[in-house]
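Single-structure report; data block below.
The values are calculated or read from the model by the stated rules, or taken from the named source; none is laboratory data. Being a predicted model, the structure only gives us computed values, none of them experimental. Here Cβ is always computed from backbone atoms with ideal geometry, including for glycine, and neighbour counts include all displayed protein chains. Surface accessibility is based on the protein's heavy atoms, side chains included, excluding ligands, DNA and RNA. Shrake-Rupley method; radii C 1.70, N 1.55, O 1.52, S 1.80 Å.
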Amino acid sequence: MNSGSEGTAMNCSSHIILIQSCKQSLITEKYSERYPYPPIGLLYISNIGEMNGYDVTILDLYLEPMGRREFLKRLEGLDKPVLVGISSYTDSILDAYKIAAAVKGFYGNIPIIMGGAHVSFMYESVMRECPVVDYCCIGEGEAVLVELLEYLRYGSPVLSSIKSLVYRGPDGEPVANEKRGFVDFLDIAPFPWFSEKMQNCIKNDGGIIFVSSRGCPGECVFCASRALSGSKYRYHSAEWIASLVYFYQRFIPFRMYGPLDDTFTVNRTRLKKFVTYMKQMNMCLPWSCKSRVDVIDNELVEILHSANCILVHIGVESGDDDVLRAIKKRITVDDILNAISLLSSKGIRAECSFILGHPTDSLESMERTLILASKLDNSDVSISVVGICTPFPGTKIWNRIKEYGLRINSYNWRTFDLGTPIFSTDKFTLNDLRRAFFFFNYSSKAGQGMPGLTEYDHSPYVKKIDHFMYEIKTMKANMKKDGA
């Protein structure tokens with residue numbers, strides 16, 4: 001099939017196959033165990049396809065890992081599709097290429113489109129490195145999918161008019177169309193519907209998840225969310241979210257729920273309305289969400305507590321004020337401790353994420369991060385999750401590699417997994433990052449107190465954190481004593 005042709009493609013099938021690619025590794029297995037989430041992005045796209053009269057099959061290789069032979073066997077049991085879509089993260093893009101080759105070998109000329117964060121920023125290299133890929137999608141895929149399907153079935157609209165689509169020109173080189181704007185009114189989207197296997201996972205694991213917003217007002221240098229989804233915070237209404245939770249509770253009884261939004265609490269008016277609706281429906285199930293340190297205050301914590309929120313994820317990222325300033329977090333260590341204290345005062349646990357090896361990190365600043373992360377993780381008020389700074393395409397770090405003076409050790413996409421050191425600087429080596437990562441995941445959990453990257457005296461810092469932990473412990477003891 002000549003993807004660059006503006007002529008009619010004409011495929012009478014109404015079946016679509018959507019595939020979530022997955023890198024099989026120990027890190028991936030741990031990720032899947034900790035976050036057994038269905039592919040929300042593909043679910044939204046699937047629903048839009050079904051609204052337009054298509055039958056959609058989703059193959060989630062995180063949820064159902066399979067080898068090539070089993071994968072081809074699955075394809076044998078499916079109707080021939082009009083289009084196969086493959087979504088990929090950076091660390092699984094090489095696996096996505098293999099999937100695409102297997103699909104093309106099985107179906108012949110059935111067109112393949114790739115999408116996802118990595119593809120949105122690296123579509124030119126994707127199409128050059130994987131010649132069996134016919135199209136790429138830049139950014140949000142719902143409208144792109146529908147218009148491309150119409151082209152494949154009826155020859156209209158022409159490829160060059162489908163915004164945010166990348167296709168192959170007559171010479172096989174990628175042609176990128178103009179990007180389309182973002183969808184502002186998200187409530188037009190239907191509720192994502194889960195397969196029987198996903199429903200069983202929800203029932204067994206006890207929880208359901210969803211995404212209720214897009215876009216990010218933050219400017220963190222290590223995150224591509226703003227570049228991918230825009231700086232404007234776009235969101236489903238409180239009515240839509242409450243209806244979704246109520247609807248699924250009736251069809252797939254679950255014991256808890258959690259929105260996966262990067263910052264569910266950005267719009268406080270919406271949050272208050274949502275909480276009010278949940279109370280009115282007597283739906284006070286335990287739930288979790290993500291927030292930001294700079295928006296956590298007494299009012300917010302009280303709102304969350306009143307609705308039985310039991311855990312809030314916050315991006316701490318570093319235990320050093322200078323590094324926090326450099327990565328554009330707009331918070332300090334004191335702000336972090338205050339947020340955790342406020343959450344703890346209402347019995348809400350904080351899940352704190354940290355990153356080792358920021359471009360401006362030093363061995364001393366990483367030690368402070370490790371001290372803070374390990375002391376919080378060994379307490380009963382919080383959980384710490386530590387990863388290694390990774391310059392994903394689309395991030396400010398990726399765009400400023402030379403400016404930051406980073407020495408990239410590997411451009412093998414499989415190593416871009418948040419657990420493998422990718423770069424070194426004048427202030428730390430790859431081995432320094434390995435030692436720091438090992439300390440948190442093994443040594444600190446075995447009771448070894450200090451990271452040992454340097455001989456720097458961190459005693460004032462340790463004293464500050466220990467004092468905070470003592471105050472938290474005292475507060476919780478008084479709460480228990482008072483029956484709070």
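When D426, D417 are screened for being without any contact (Cβ under 8 Å) to a residue 60 or more places away in the chain and part of a loop (DSSP other than H, G, I, E, B), only D426 passes.
Listed by first and then second residue, the pairs with beta-carbon distance under 9 Å, at least 6 apart or on different chains, first residue in segment 446-457 and at pLDDT below 70, second loosely packed, with under 11 Cβ neighbours inside 10 Å, are Q448/Y442. So Y456 fits all but one of (1) in a loop (DSSP other than H, G, I, E, B); (2) buried (at least 16 other Cβ atoms within 10 Å of the Cβ); (3) not polar (S, T, N, Q); what number is the exception? Checking Y456 against (1) in a loop (DSSP other than H, G, I, E, B); (2) buried (at least 16 other Cβ atoms within 10 Å of the Cβ); (3) not polar (S, T, N, Q), the one that fails is (2). Here R368 fulfils each of the conditions (1) out of contact with any helix residue (DSSP H, G or I) (no Cβ under 8 Å at 6 or more places or on another chain); (2) open to solvent by 40 Å² or more (accessible area, probe 1.4 Å); (3) of a type in the set (K, R) apart from (1).
Within the option set R226, R270, R250, being closer than 30 Å to T360 by Cβ and part of a helix (DSSP H, G or I) holds for one residue only, R226. Checked against the criterion of being touching a residue at least 12 places away in the same chain (Cβ under 8 Å), acidic (D, E), under 27 Å from W398 (Cβ atoms) and open to solvent by 20 Å² or more (accessible area, probe 1.4 Å), segment 174-191 contains one or more residues that satisfy it.
Can you say whether I310 is of a type outside the set (G, A, S), modelled with pLDDT of 95 or more and open to solvent by less than 40 Å² (accessible area, probe 1.4 Å), as far as the supplied structure shows? So I310 fails the test.
For segment 318-349, the tally of residues that are small (G, A, S) and farther than 22 Å from I397 by Cα stands at 5.
Taking the criterion of being touching a residue at least 60 places away in the same chain (Cβ under 8 Å), touching a strand residue (DSSP E or B) at 6+ places or on another chain (Cβ under 7 Å), part of a loop (DSSP other than H, G, I, E, B) and buried (at least 18 other Cβ atoms within 10 Å of the Cβ), would at least one residue in segment 378-387 satisfy it? Looking for residues that are touching a residue at least 60 places away in the same chain (Cβ under 8 Å), touching a strand residue (DSSP E or B) at 6+ places or on another chain (Cβ under 7 Å), part of a loop (DSSP other than H, G, I, E, B) and buried (at least 18 other Cβ atoms within 10 Å of the Cβ), one finds at least one in segment 378-387, hence yes. Please tell me if V221 is within 24 Å of E239 (Cβ to Cβ) and not in a helix (DSSP H, G or I). When the stated conditions are applied, V221 does not pass them.
For every residue, the table says whether it meets (1) in contact with a Gly (Cβ under 9 Å, 6 or more places away or on another chain); (2) aromatic (F, W, Y); (3) farther than 21 Å from D187 by Cα; (4) at pLDDT below 90.
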| position | (1), (2), (3), (4) |
| --- | --- |
| E219 | no, no, yes, yes |
| F222 | no, yes, yes, no |
| G230 | yes, no, no, yes |
| A238 | no, no, no, no |
| S243 | no, no, no, no |
| V275 | no, no, no, no |
| K279 | no, no, yes, no |
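Inside segment 316-354, residues that are surrounded by 22 or more Cβ atoms within 10 Å (Cβ to Cβ) and assigned to a strand (DSSP E or B) make up a count of 5. Within segment 237-255, does at least one residue satisfy the condition of being under 30 Å from Y123 (Cα atoms) and either touching a Leu at 6+ places or on another chain (Cβ under 8 Å) or open to solvent by 40 Å² or more (accessible area, probe 1.4 Å) (or both)? Looking through segment 237-255, none of the residues is under 30 Å from Y123 (Cα atoms) and either touching a Leu at 6+ places or on another chain (Cβ under 8 Å) or open to solvent by 40 Å² or more (accessible area, probe 1.4 Å) (or both). Among the residues of segment 253-263, those that are outside any strand (DSSP E or B), without any contact (Cβ under 8 Å) to a residue 60 or more places away in the chain and closer than 17 Å to F191 by Cβ comprise P253, F254, D261. Checking every residue in segment 421-439 against the condition of being among the basic types (K, R), surrounded by 12 or more Cβ atoms within 10 Å (Cβ to Cβ) and under 29 Å from S21 (Cβ atoms) gives at least one match. Residues of segment 65-106 that are farther than 29 Å from P393 by Cα and surrounded by fewer than 16 Cβ atoms within 10 Å (Cβ to Cβ): R69, E70, L72, K73, R74, E76, G77, L78, D79, K80, G105, F106.
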